[in-house]
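Peer 1: Supplied in structure tokens, the structure appears directly below.
The values are calculated or read from the model by the stated rules, or taken from the named source; none is laboratory data. No experiment lies behind these values; they were computed from the predicted model shown. Every residue, glycine as well, gets a Cβ built from its backbone with ideal geometry; the counts of neighbours run over all protein chains shown.
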Amino acid sequence: MFAKRRSRRHPEDFLYYATGQVTVAVGAAVWLWSSDEPSADCEALSSHPRPMCPQVEPGTQLTANVGLKQVLFRRRTKEENDRKRIG
């Protein structure tokens, strides 16, 4: 009538518990590995194209928006370059 209870451990018990622990470890590793990728908002911020700078005459400057910041491009003249090297 009643199911007989096992009084001692069997080799199958070890396999049963070891398989469960391996499954949990693999699941945790996959979850950590997949969460290592950047989120969509971080990818959107880093995917802005670089500005296209046409031929700029010496002594002029351009301002471009790169991402969320303004960047100043300046093509120095020969005299400005010489001053920067000396100073």
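Peer 1: Are any residues in the range 53-87 of a type in the set (D, E, K, R) and in a strand (DSSP E or B), and if so, which ones?
Peer 2: Matches in the range 53-87: K69, R74.
Peer 1: Please tell me if A3 is surrounded by 10 or more Cβ atoms within 10 Å (Cβ to Cβ) and modelled with pLDDT under 80.
Peer 2: Details: surrounded by 10 or more Cβ atoms within 10 Å (Cβ to Cβ): no; modelled with pLDDT under 80: yes.
No, not satisfied.
Peer 1: Still on this structure: Can you spot a residue in the range 32-40 that is modelled with pLDDT under 80, surrounded by 10 or more Cβ atoms within 10 Å (Cβ to Cβ) and assigned to a loop (DSSP other than H, G, I, E, B)? Spell out how you get there, then give the answer.
Peer 2: First, the residues of the range 32-40 that are modelled with pLDDT under 80: 34-40.
Narrowing the set further to residues that are surrounded by 10 or more Cβ atoms within 10 Å (Cβ to Cβ) leaves 38.
If we keep only those that are assigned to a loop (DSSP other than H, G, I, E, B) as well, we get 38.
Yes, because at least one residue in the range 32-40 is modelled with pLDDT under 80, surrounded by 10 or more Cβ atoms within 10 Å (Cβ to Cβ) and assigned to a loop (DSSP other than H, G, I, E, B).
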